[in-house]
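J.: Sharing a structure with you now.
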Amino acid sequence: MRLAHAMPFGAECRADATRFRLWAPSCEHVALELGRGTPRVLDMHAQEGGWHELVVPGVGAGAAYAFRVDDGRVVPDPASRANPWDVGGPSMVVDPRAFEWDDGTWRGRPWHEAVVYELHVGTFTGEGTFGAAIARLDYLAALGVTAIELMPVADFAGRRNWGYDGVLPFAPDSAYGFPEDLKRLVEAAHERRLMVLLDVVYNHFGPEGNHLGAYAKPFFNDAHKTPWGAAINFDGAHARTVRDFFVHNALYWIDEFHLDGLRLDAVHAIADGSPVHIVEEIARAIADGPGRERHVHLVLENDANSATLLRHPGEGRGLISRAQWNDDAHHAFHVLLTGERDGYYADYAAEPARHLARALAEGFAWQGETSGHRGGARRGEPSRHLPLTAFMPFLQNHDQVGNRATGERLAVLAPPERVRLALAILLLAPSVPLLFMGEEFGARTPFLYFCDFEGELANAVRDGRRREFASFARFADERAREAIPDPGSEETFHASRLDWESLDRSEHATALEHCRNLLALRRSALVPRLARGARGIGSSPAPGVVVVDWTFGDGARLGLRANLGDAPAAVPPAPGEVLHAEGAKPASAMLAGWSAVWTLDAAGKA
């Protein structure tokens, strides 16, 4: 099986030639440069709508090429499939049909089976490559996860980056390998029945290596502002071409790399007043394309808690996105486990257990209420009508660990018995859990923010990050802020790598076994019932106490009685037999501090 996604731009390999096409509406003339060193220079043909095209016989895969635009600068292809000489160098022609897939029978997995494991390719292994990640797939399959989610791999400036500074969204960064190396990783994952999701960034470009503004000014819309400057133009003049660029990007990853889905970064930061939001247009394109033949999943990050982007099929217009990362669950967990109340945690500080109970039972904890952290603005939309599998709660992810000043993981911030209990609550809830790499064995290595910029930009990023934490009491002193790791330092990157040798130590081996057992229990007791959905009712009858009762589509009932506080607490009875317990006497009406009991009443099983 050979896969290729046809696009109206970029370099397209043909039988005996390559077609080159660039949208450069701000240029009268564009030239194609072929080769490195002393390249051939060929004038491209201007076409209607700002397009420039040239078909060159005798040019095939492996050829280096770039475009020379009106101001004289030479730029890579914004739709480059590979850019091995980094974002400032030329692109490379790739023939996607040269890779022969051996997973043609793979049709993906239904979403209710998902247990997602987020990883950063560069720090997941010592080598930091697609190829090295393959060697860990058996471990992940044995753990019990069913999907890996790769942090963004789009080509970025330098050799190391989180991925959210990508500027060539079609090109896997060469620090990780070539496109065929990513394809081998996907194929190997499918052999082990693991889905592969990719994080993509459609709300901004990175600060170094983006030249679109020089030759395609309509790619951005000054009417909207974002934290990264002018917004990508999804709703102004010439927006159709810009929208096509990102719709094709989504389809490209799914079609050409046989991916099982995408996670869209920070869609709340996408400015789009169109009648059909770009997220919905992408979702429709996926559903009408690859989604007709196999399971393909679209996941959102959306701080606005917009239930309308998670519309349920029963509402008549079909599902837009499969699920959303559930920040509410994380924030409530974090306050309970650590006692931290800075920043956005302030909105959860008064009643963290109530917020957690509501998030576990209904999806969003904030469903339109006024937020003190947001100056009294209302946040969120009602979500109780949505399937619980539309929400992905988590205890840790790259943001919540890496955006801390020193990148501490939860294992460093909270006692092990608290983390153990919280992990059980996460994995034994009828939503879709997200794990962050190393969390399963209680990794204590930090995950820091890192990048590889140079000169003034590197200094600005370092100083800006340190200023960001000046309002925190811990970093009020300038000397304390100076100790915050420099994102541009190679040591910061190396410190963020997982320490796999730590699995030889008993506390990490014990944590790993605990996670495996929880996932096995989830697989046997919950997953078969989740195919028919679940609904929940949650409450917090006392400080720190979380009470949730879920009813599955087959009539079975799952109960959680948890005490995330230090003092013993009385809890209401739950129906059914004990399914699992953490630090508690199952038959007691009193729960010790930091303990929980799960019950399952399967009487209604169909």
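J.: Six or more apart or on different chains, Cβ atoms under 8 Å: show the pairs whose first residue is in region 498-511 and within 20 Å of Leu448 (Cβ to Cβ) and whose second is assigned to a helix (DSSP H, G or I) and at pLDDT 95 or above.
T.: So the pair list comes out as Leu498/Thr123; Leu498/Phe124; Ser502/Phe441; Ser502/His508.
J.: Any residue in region 85-105 that is without any contact (Cβ under 8 Å) to a residue 60 or more places away in the chain and hydroxyl-bearing (Ser, Thr, Tyr) sitting within a Cβ distance under 6 Å of a residue that is surrounded by 19 or more Cβ atoms within 10 Å (Cβ to Cβ) and in a helix (DSSP H, G or I)? List the pairs, counting only those 6 or more apart or interchain.
T.: Within 6 Å, no pair qualifies.
J.: Could you check how many residues of region 30-63 are among the β-branched types (Val, Ile, Thr), under 37 Å from the mean Cα position of the chain (by Cα) and in a strand (DSSP E or B)?
T.: Number of matching residues: 0.
J.: Go through region 103-135 and give me each residue that's surrounded by fewer than 17 Cβ atoms within 10 Å (Cβ to Cβ), out of contact with any helix residue (DSSP H, G or I) (no Cβ under 6 Å at 6 or more places or on another chain) and not β-branched (Val, Ile, Thr).
T.: Once the filter is applied, which keeps residues that are surrounded by fewer than 17 Cβ atoms within 10 Å (Cβ to Cβ), out of contact with any helix residue (DSSP H, G or I) (no Cβ under 6 Å at 6 or more places or on another chain) and not β-branched (Val, Ile, Thr), region 103-135 yields Gly104, Arg107, Pro110, Gly126, Glu127, Ala135.
J.: Can you pull out every residue in region 336-393 that is basic (Lys, Arg) and farther than 30 Å from Pro416 by Cα?
T.: Hits for region 336-393 are Arg374, Arg378, Arg379, Arg384.
J.: I'm checking my understanding of the structure. Among residues of region 483-494 that are in a helix (DSSP H, G or I) and in contact (Cβ under 8 Å) with a residue 60 or more places away in the chain, which one is nearest to Ala135 (Cα to Cα)?
T.: Filtering region 483-494 for residues in a helix (DSSP H, G or I) gives 490-494.
Narrowing the set further to residues that are in contact (Cβ under 8 Å) with a residue 60 or more places away in the chain leaves 490, 493.
Working: Glu490: 25, Phe493: 21 Å.
If we take residues in region 483-494 being in a helix (DSSP H, G or I) and in contact (Cβ under 8 Å) with a residue 60 or more places away in the chain, then Phe493 is nearest to Ala135 (Cα to Cα).
J.: Of the conditions (1) within 15 Å of the chain's Cα centre (by Cα); (2) surrounded by fewer than 23 Cβ atoms within 10 Å (Cβ to Cβ), Leu212 clears all except one; give me its number.
T.: (1)
J.: Going by the structure shown, is Val547 in contact with a Pro (Cβ under 8 Å, 6 or more places away or on another chain), more than 24 Å from Gly144 (Cβ to Cβ) and either outside any loop (DSSP other than H, G, I, E, B) or of a type in the set (S, T, N, Q) (or both)? Outline the logic, then answer.
T.: Working: in contact with a Pro (Cβ under 8 Å, 6 or more places away or on another chain): yes; more than 24 Å from Gly144 (Cβ to Cβ): yes; either outside any loop (DSSP other than H, G, I, E, B) or of a type in the set (S, T, N, Q) (or both): yes.
Taking the combined requirement at face value, the residue satisfies it.
J.: Could you check region 136-171 and list, in sequence order, the residues that are part of a strand (DSSP E or B) and closer than 30 Å to Phe441 by Cα?
T.: Keep residues of region 136-171 that are part of a strand (DSSP E or B), which gives 147-150, 154-155, 168-171.
The answer is Ala147, Ile148, Glu149, Leu150, Ala154.
J.: So which residues in region 195-218 are of a type in the set (A, V, I, L, M) and in contact with a helix residue (DSSP H, G or I) (Cβ under 6 Å, 6 or more places away or on another chain)? So that I can check it myself, show each step before the final result.
T.: Let us first name the residues in region 195-218 that are of a type in the set (A, V, I, L, M), namely 195-198, 200-201, 212, 214, 216.
Matches in region 195-218: Val196, Leu198, Leu212.
J.: Follow-up. How do the pairs read when you match residues in region 445-461 that are touching a residue at least 60 places away in the same chain (Cβ under 8 Å) with residues anywhere that are part of a loop (DSSP other than H, G, I, E, B) and of a type in the set (Asp, Glu), using Cβ under 7 Å and keeping only pairs 6 or more apart or on different chains?
T.: Listed by first residue and then by second, the contacts come to Cys451/Asp165; Phe453/Glu208; Leu457/Glu208.
J.: Considering each of Trp101, Trp85, Trp23 in turn, give the residue that is of a type in the set (Phe, Trp, Tyr), modelled with pLDDT of 95 or more and within 30 Å of Leu434 (Cβ to Cβ). Steps first, please.
T.: Working: Trp85 fails: within 30 Å of Leu434 (Cβ to Cβ); Trp23 fails: within 30 Å of Leu434 (Cβ to Cβ).
Within the list Trp101, Trp85, Trp23, the selection yields Trp101.
J.: Let me ask another. Can you tell me which of Thr308, Thr241 is touching a strand residue (DSSP E or B) at 6+ places or on another chain (Cβ under 9 Å) and more than 17 Å from Asp399 (Cα to Cα)?
T.: Thr241
J.: Return only the number of the condition from (1) of a type outside the set (Val, Ile, Thr); (2) outside any loop (DSSP other than H, G, I, E, B); (3) out of contact with any Phe, Trp or Tyr (no Cβ under 6 Å at 6 or more places or on another chain) that Leu512 does not satisfy.
T.: The number of the failed condition is (3).
J.: Return the total of residues in region 230-248 being touching a Gly at 6+ places or on another chain (Cβ under 9 Å), more than 24 Å from Ser91 (Cβ to Cβ) and not in a loop (DSSP other than H, G, I, E, B).
T.: 1
J.: A further question on this structure: Take the residues of region 585-606 that are among the hydrophobic types (A, V, I, L, M, F, W, C) and over 19 Å from Arg522 (Cβ atoms): which is modelled with the lowest pLDDT? Steps first, please.
T.: Here is the first cut: in region 585-606, the residues among the hydrophobic types (A, V, I, L, M, F, W, C) are 587, 589-592, 594, 596-598, 600, 602-603, 606.
Keeping just the survivors that are over 19 Å from Arg522 (Cβ atoms) gives 587, 589-592, 594, 603, 606.
On the way: Ala587: 67, Ala589: 79, Met590: 89, Leu591: 94, Ala592: 94, Trp594: 96, Ala603: 77, Ala606: 40.
Looking at residues that are among the hydrophobic types (A, V, I, L, M, F, W, C) and over 19 Å from Arg522 (Cβ atoms), I get Ala606.
J.: Right, something else. Restricting attention to region 335-356, report how many residues are in contact with a strand residue (DSSP E or B) (Cβ under 6 Å, 6 or more places away or on another chain) and over 18 Å from Arg379 (Cβ atoms).
T.: Within region 335-356, the first condition is being in contact with a strand residue (DSSP E or B) (Cβ under 6 Å, 6 or more places away or on another chain), and the residues that meet it are 353, 356.
Next cut, over 18 Å from Arg379 (Cβ atoms) only: 353.
Within region 335-356, residues that are in contact with a strand residue (DSSP E or B) (Cβ under 6 Å, 6 or more places away or on another chain) and over 18 Å from Arg379 (Cβ atoms) number 1.
J.: Just to be sure I understand, how many residues within region 449-477 are among the charged types (D, E, K, R), part of a helix (DSSP H, G or I) and under 29 Å from the mean Cα position of the chain (by Cα)? Talk me through it step by step, then tell me what you get.
T.: At the first step, the residues of region 449-477 found to be among the charged types (D, E, K, R) are 452, 454, 456, 462-463, 465-468, 474, 477.
Add one more test, that the residue is part of a helix (DSSP H, G or I), and what stays is 456, 462-463, 465-468, 474.
Filter again for under 29 Å from the mean Cα position of the chain (by Cα), leaving 462-463, 465-468.
Total meeting the criteria: 6.
J.: Another question, then. Given the residues Leu435, Leu413, Leu448, which is the only one that is out of contact with any strand residue (DSSP E or B) (no Cβ under 7 Å at 6 or more places or on another chain), crowded, with 24+ Cβ neighbours inside 10 Å, modelled with pLDDT of 95 or more and of a type in the set (A, V, I, L, M)? Don't jump to the end; show me each part of the working.
T.: On the way: Leu435 fails: out of contact with any strand residue (DSSP E or B) (no Cβ under 7 Å at 6 or more places or on another chain); Leu413 fails: crowded, with 24+ Cβ neighbours inside 10 Å.
The unique qualifying residue is Leu448.
J.: Next up: Identify, please: which residue in region 249-280 is touching a Pro at 6+ places or on another chain (Cβ under 7 Å) and under 23 Å from Glu191 (Cβ atoms) and is, among those, surrounded by the fewest Cβ atoms within 10 Å (Cβ to Cβ)?
T.: Within region 249-280, the match that is surrounded by the fewest Cβ atoms within 10 Å (Cβ to Cβ) is Asp255.
J.: Residues being over 27 Å from Glu256 (Cβ atoms), touching a residue at least 24 places away in the same chain (Cβ under 8 Å) and either among the polar types (S, T, N, Q) or surrounded by 12 or more Cβ atoms within 10 Å (Cβ to Cβ) (or both): count how many of those fall in region 5-38.
T.: Of the residues in region 5-38, 4 are over 27 Å from Glu256 (Cβ atoms), touching a residue at least 24 places away in the same chain (Cβ under 8 Å) and either among the polar types (S, T, N, Q) or surrounded by 12 or more Cβ atoms within 10 Å (Cβ to Cβ) (or both).
J.: Would you mind stating whether Ala405 is among the hydrophobic types (A, V, I, L, M, F, W, C), closer than 27 Å to Phe493 by Cα and at pLDDT below 95? Lay out the reasoning, then the answer.
T.: Working: among the hydrophobic types (A, V, I, L, M, F, W, C): yes; closer than 27 Å to Phe493 by Cα: yes; at pLDDT below 95: yes.
It is true that Ala405 is among the hydrophobic types (A, V, I, L, M, F, W, C), closer than 27 Å to Phe493 by Cα and at pLDDT below 95.
J.: Quick one: count up the residues across region 219-229 that are assigned to a strand (DSSP E or B), farther than 19 Å from Arg73 by Cβ and touching a helix residue (DSSP H, G or I) at 6+ places or on another chain (Cβ under 9 Å).
T.: 2
J.: Given the structure, is Ala480 at pLDDT 95 or above, hydrophobic (A, V, I, L, M, F, W, C) and not in a loop (DSSP other than H, G, I, E, B)? Spell out the reasoning first.
T.: Values: at pLDDT 95 or above: no; hydrophobic (A, V, I, L, M, F, W, C): yes; not in a loop (DSSP other than H, G, I, E, B): yes.
In short, no.
J.: Give the residue that is farthest from Pro415 (Cα to Cα), with candidates limited to residues of region 569-580 that are modelled with pLDDT of 90 or more and surrounded by fewer than 17 Cβ atoms within 10 Å (Cβ to Cβ).
T.: Here is the first cut: in region 569-580, the residues modelled with pLDDT of 90 or more are 569-572, 576-580.
From what is left, the residues that are surrounded by fewer than 17 Cβ atoms within 10 Å (Cβ to Cβ) are 570, 572, 576-578.
Numbers: Ala570: 23, Pro572: 27, Gly576: 31, Glu577: 29, Val578: 26 Å.
Step by step, filter region 569-580, then rank; the result is Gly576.
The values are calculated or read from the model by the stated rules, or taken from the named source; none is laboratory data. Keep in mind that what you see is a predicted model, and the values were worked out from it rather than measured. In this analysis, Cβ positions are derived from the backbone assuming ideal geometry, glycine residues included, and neighbour counts consider all displayed protein chains.
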